[in-house]
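K.L.:
The following block contains the structure, expressed as structure tokens.
The values are calculated or read from the model by the stated rules, or taken from the named source; none is laboratory data. If you're wondering where the values come from, they're calculated on a predicted model, not measured in any experiment. Methodologically, a virtual Cβ is constructed for each residue, glycine included, from the backbone with ideal geometry; neighbour enumeration extends over all protein chains shown. To get the accessible areas, we keep the full protein, side chains included, count just its heavy atoms, and leave off ligands, DNA and RNA. Shrake-Rupley method; radii C 1.70, N 1.55, O 1.52, S 1.80 Å.
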Amino acid sequence: MSKALIIDDEQQMRRLLRMLLESRGYEVCEADEGQRGLQEAAFHRPDVVLLDLGLPGLGGLEVLKRLREWSDVPVLILSVRDQEATKVQALEIGADDYVTKPFGSAELLARLDVIQRRRGPRHTPEIIAGPLKVDLLHHEAQIAEEALKLTPTEFALLKVLTEHAGRIVTQNQIVKQVWPGQSSDPSEGLRVHINHLRKKLGERGVRIVNEPGIGYRLEVE
């Protein structure tokens with residue numbers, strides 16, 4: 001049985017979607033706000049997510065962005081927002097399709113079938129490299145079971161390096177993932193952030209090695 005996660009703050013919409021999905025044999029779970037939706041996604045590991053954009057607290061686009069850091073689960077956006085710019089932004093972040101409310105039941109089910117056929121591999125919401133653990137769901141990191149106090153930029157840097165632990169990550173690759181779309185050259189800022197990150201990691205079995213003129217490598221001792 002396929003699992004579907006509905007993330008929508010409107011109770012009547014969740015009830016309608018549940019009835020529709022269960023009639024097609026889905027096992028359904030729900031969340032009425034963004035952070036809870038991420039937690040449900042991590043716990044239930046659904047086969048598809050139906051995501052509203054107008055959520056209280058953590059908005060739908062931010063939920064999608066964080067979900068894409070650790071999961072390739074198909075995501076169908078359901079929203080009253082029909083502006084082209086919003087649709088393009090959601091698709092660029094990682095949505096598989098976008099349906100404007102109100103919608104027809106037959107169209108919704110057909111689009112769900114299509115995006116599930118394109119389903120990619122799943123990933124764990126944690127990355128572990130030796131004594132280092134990076135929690136992608138909560139944007140937290142620990143080393144030797146001690147919490148690291150990181151800025152958002154430092155966390156993004158550590159995530160990229162840990163994903164490729166033991167391999168060189170070029171400066172260009174880092175810049176594209178940590179500062180996407182930035183027009184100015186952040187290479188000097190990158191060195192500063194790397195130095196801060198090194199100090200916070202300390203001498204606890206993990207170090208960031210500089211590959212001159214190329215990039216950096218996270219090395220586990």
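K.L.:
Looking for something on the phi > 0 side of the Ramachandran plot, assigned by TED's automatic domain parsing to the domain that holds H196 and touching an Asp or Glu at 6+ places or on another chain (Cβ under 9 Å) - is there at least one such residue anywhere in the range 46-57?
P.N.:
Among the residues of the range 46-57, not one is on the phi > 0 side of the Ramachandran plot, assigned by TED's automatic domain parsing to the domain that holds H196 and touching an Asp or Glu at 6+ places or on another chain (Cβ under 9 Å), which makes the answer no.
K.L.:
Looking at (1) part of a loop (DSSP other than H, G, I, E, B); (2) charged (D, E, K, R); (3) within 19 Å of E126 (Cβ to Cβ), which is the one condition that is false for R81?
P.N.:
(3)
K.L.:
Could you grab me the full set of residues in the range 1-59 that are among the aromatic types (F, W, Y) and assigned to a helix (DSSP H, G or I)? Don't jump to the end; show me each part of the working.
P.N.:
Looking only at the range 1-59, we keep the residues that are among the aromatic types (F, W, Y), and these are 26, 43.
Correct list: F43 only.
K.L.:
Going through the range 143-154 one residue at a time, which ones are free of Cβ contacts under 8 Å to residues at least 60 places away in the same chain and open to solvent by less than 10 Å² (accessible area, probe 1.4 Å)?
P.N.:
Once the filter is applied, which keeps residues that are free of Cβ contacts under 8 Å to residues at least 60 places away in the same chain and open to solvent by less than 10 Å² (accessible area, probe 1.4 Å), the range 143-154 yields only E154.
K.L.:
Sticking with this structure for a sec: Yes or no: Q116 surrounded by 15 or more Cβ atoms within 10 Å (Cβ to Cβ) and farther than 22 Å from L136 by Cβ? Break it down into steps so the answer makes sense when it comes.
P.N.:
Working: surrounded by 15 or more Cβ atoms within 10 Å (Cβ to Cβ): yes; farther than 22 Å from L136 by Cβ: yes.
So Q116 passes the test.
K.L.:
Checking D52 against (1) under 20 Å from R111 (Cβ atoms); (2) modelled with pLDDT under 95: exactly one of these is not met. Which one?
P.N.:
(2)
K.L.:
May I pose another question? What number of residues in the range 166-176 are open to solvent by less than 40 Å² (accessible area, probe 1.4 Å) and in contact with a Lys or Arg (Cβ under 8 Å, 6 or more places away or on another chain)?
P.N.:
Keep residues of the range 166-176 that are open to solvent by less than 40 Å² (accessible area, probe 1.4 Å), which gives 169, 174-175.
Now drop any that are not in contact with a Lys or Arg (Cβ under 8 Å, 6 or more places away or on another chain), which leaves 169.
Residues flagged as open to solvent by less than 40 Å² (accessible area, probe 1.4 Å) and in contact with a Lys or Arg (Cβ under 8 Å, 6 or more places away or on another chain) within the range 166-176 amount to 1.
K.L.:
Another question, then. Quick check, is A90 over 30 Å from R204 (Cα atoms), in contact (Cβ under 8 Å) with a residue 12 or more places away in the chain, in contact with an Asp or Glu (Cβ under 8 Å, 6 or more places away or on another chain) and open to solvent by less than 20 Å² (accessible area, probe 1.4 Å)? Please lay out each step first, then the result.
P.N.:
On the way: over 30 Å from R204 (Cα atoms): yes; in contact (Cβ under 8 Å) with a residue 12 or more places away in the chain: yes; in contact with an Asp or Glu (Cβ under 8 Å, 6 or more places away or on another chain): no; open to solvent by less than 20 Å² (accessible area, probe 1.4 Å): yes.
When the stated conditions are applied, A90 does not pass them.
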